[in-house]
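Notes follow once the structure below has been shown.
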Amino acid sequence: MDILISPIAEFTSNPVILGAIILLFLLHFYLPSFLAKNKDLPFVKKSFELKSTDGLSPQEAKSYYNGIAIKSLVIFLLSFFLGYGLAGGYFTTKKLKENRLDYSYQLDFNEGESKNVFIIGNNSLYYFYLIKGDKKIKITPLSSIKNIALVENKMID
């Protein structure tokens, strides 16, 4: 279930990302009609590797252009998520090596222990985090955490 929800969570986590994804879907919605109108332009032919649709019926040509638009959308979305994930991991690693992570969360465990942590991520079963001063990634089940407090809230301060 997490695999299905995480892309939606990434979409809505940042208004710029949400706007870019909505724009991407809108552009690809109108892409088949754009391709049909501009199929003879060398730039369009080369960019989308278009084949000649002269021998196809209008319905077959529409289906062909829709297929190209869907393939293009899939490639853009996969590239976006792959690049976003790789860049996020790279910059988190860089901050860890340079000791510049913001340990802005406090985890209170069921045993009464509290720790200031940097949360790498979570899913429906576990939290992945780093404790201040330790470079080992800790994984804790959700059931062992009593509550989470945001120590440094930059939006309020």
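The values are calculated or read from the model by the stated rules, or taken from the named source; none is laboratory data. This one's a predicted model, so the numbers in the text were calculated from it and none came from an experiment. All Cβ positions, even for glycine, are placed from backbone atoms using ideal geometry, and neighbour counts span all protein chains on display. Ligands, DNA and RNA are stripped out before the accessible areas are found, and what is left, the full protein with its side chains, is counted by its heavy atoms. Shrake-Rupley method; radii C 1.70, N 1.55, O 1.52, S 1.80 Å.
Summary of values
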{"quantity": "Matching entry among F25, F34, F29 (being open to solvent by less than 100 Å² (accessible area, probe 1.4 Å), of a type outside the set (S, T, Y), in a helix (DSSP H, G or I) and under 16 Å from L77 (Cα atoms))", "calculated": "F25"}
{"quantity": "Conditions (1) within 30 Å of P32 (Cα to Cα); (2) open to solvent by less than 60 Å² (accessible area, probe 1.4 Å); number of the one not met by I75", "calculated": "(2)"}
{"quantity": "Candidate set: segment 132-147, residues that are in contact with a Phe, Trp or Tyr (Cβ under 8 Å, 6 or more places away or on another chain) and open to solvent by less than 80 Å² (accessible area, probe 1.4 Å); chosen: the one nearest to R100 (Cα to Cα)", "calculated": "K138"}
{"quantity": "Exclusive hit being of a type in the set (A, V, I, L, M), out of contact with any strand residue (DSSP E or B) (no Cβ under 9 Å at 6 or more places or on another chain) and over 30 Å from N122 (Cβ atoms), set L73, L26", "calculated": "L26"}
{"quantity": "Check on E10, in contact (Cβ under 8 Å) with a residue 24 or more places away in the chain and among the acidic types (D, E)", "calculated": "yes"}
{"quantity": "Odd one out for S52, checked against (1) part of a helix (DSSP H, G or I); (2) open to solvent by 80 Å² or more (accessible area, probe 1.4 Å)", "calculated": "(1)"}
{"quantity": "Selection within segment 5-20 - loosely packed, with under 11 Cβ neighbours inside 10 Å, among the β-branched types (V, I, T) and at pLDDT 85 or above", "calculated": "V16"}
{"quantity": "Filtered residue count, segment 80-93, keeping only those that are open to solvent by 70 Å² or more (accessible area, probe 1.4 Å) and not aliphatic (A, V, I, L, M)", "calculated": "3"}
{"quantity": "Among the residues listed as A36, A9, A20, the single one being more than 16 Å from N123 (Cα to Cα) and under 23 Å from the mean Cα position of the chain (by Cα)", "calculated": "A20"}
{"quantity": "Pair list, Cβ under 8 Å, 6 or more apart: segment 21-34 residue within 20 Å of P58 (Cα to Cα), other residue open to solvent by 90 Å² or more (accessible area, probe 1.4 Å)", "calculated": "H28/I70; H28/F76; P32/K62"}
